[in-house]
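Please read the structure below before turning to the comments.
Rule-based calculations on the coordinates, nothing more; no lab input. Only a predicted model underlies this, so the values are computations on that prediction, with no experimental measurement involved. Heads up, the Cβs are rebuilt from the backbone with ideal geometry, glycines too, and the neighbour counts pull from every protein chain shown.
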Amino acid sequence: MSSLTGFIYDRVMAQAEVACLRDWRRELLAGLQGSVLEIGAGTGANLAFYPAAVQRIVLCEPDPGMRGALTARAGALQRAVEIRPITAETLDFPDASFDHAVSTLVCCSVGDPARALAQIRRVLKPGGSLVFLEHVAAWDDPGRRRWQDRLNPLWRRLASNCHLNRETEQAIRAAGFAIERIQRESMRKIIPLVRPSIRGVARKPA
Ligand SMILES: C[S@@+](CC[C@H](N)C(=O)[O-])C[C@H]1O[C@@H](n2cnc3c(N)ncnc32)[C@H](O)[C@@H]1O
């Protein structure tokens, strides 16, 4: 990816952010406190929504282009954040380090979702939560799902390994989380094949 990645990403997502994503991010992050690990933080679209009760924010972002924009946005905040250039599959924090993990629009792109979710679970404290917002395989529209499957190989190449048809809810459950709350809703102002989305909270057993 080039250093333009962050700039382009923000422009591609701008309409969806205004139409729905900003509100969803705000609502999802509102109750967090203590320590937060965000994976695939991108350009920092969640940063403005972390409440003051969050005392430690660690942002992981492996892509240098995205990380450049993230660093600039984090620098403009009046609070300390740690930025790490690592993937979700290779988290190097001790077990039980964080109260919450945040993944927004990331599970579609990780190389090995099962490994990433296992690492997230490991670094969460018992009873800690995974807050997620992900675009996923269409669950109620077989025609759309067929197109997601057909176009996925091409899309992955064009969009930095983003998959159109990941079954992320099932992957979260398979990783040993209990889904505490989930909403399934169509994203707005974005191409139809990435509209099906889930968002909510999953909990690591105490
Ligand atoms: C679609 S962007 C989402 C960015 C941001 N989370 C948001 O909500 O706008 C996906 C991000 O996941 C990152 N990513 C890709 N593979 C990853 C991995 N294995 N572990 C962590 N992040 C990854 C990408 O570099 C990119 O920044």
task: Pick out which of Glu134, Glu167, Glu61 has the largest mean-square fluctuation in a Gaussian network model of the chain, springs linking Cα atoms closer than 10 Å.
output: Glu167
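If each DSSP helix of 4+ residues adds -39,500 (n - 2.57) and the sum is divided by the residues in the chain, what number results at 222 nm, nearest 500 deg cm²/dmol?
-10000 deg cm²/dmol
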- prompt: Hey, in the GNM for the chain with a 10 angstrom Cα cutoff, which one of Pro113, Pro196, Pro64 fluctuates hardest?
  reply: Pro64
- prompt: So what J values fall out for segment 125-142 if you push phi through Karplus, 6.51 cos²θ - 1.76 cosθ + 1.60 with θ = phi - 60°, rounded to Hz, Gly and Pro as x?
  reply: 5, x, x, x, 10, 9, 9, 10, 8, 9, 8, 9, 4, 4, 9, 10, 9, x
- prompt: Placing +1 at every Lys and Arg Cβ and -1 at every Asp and Glu Cβ, with all other atoms neutral, what dipole size does segment 5-203 have around its Cα centre, in debye to the nearest 20?
  reply: 340
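What share of Cα pairs, in percent, lie more than 27 angstrom apart in the chain?
Working: 5155 of 21115 pairs.
When all Cα pairs of the chain are counted, 24 percent exceed 27 Å.
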- request: Quick one: among Pro62, Pro51, Pro142, which has the greatest mean-square fluctuation in a GNM of the chain with alpha-carbon springs under 10 angstrom?
  value: Pro142
- prompt: Which whole-Hz ³J(HN,Hα) couplings does segment 156-169 yield from phi under the Karplus relation 6.51 cos²θ - 1.76 cosθ + 1.60, θ = phi - 60°, glycine and proline marked x?
  reply: 4, 5, 7, 10, 6, 6, 5, 9, 7, 10, 7, 9, 6, 4
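Report D for segment 21-121 in µm² per second (integer): Stokes-Einstein, Kirkwood Rh on Cα pairs, 10 °C, 1.306 mPa s.
116
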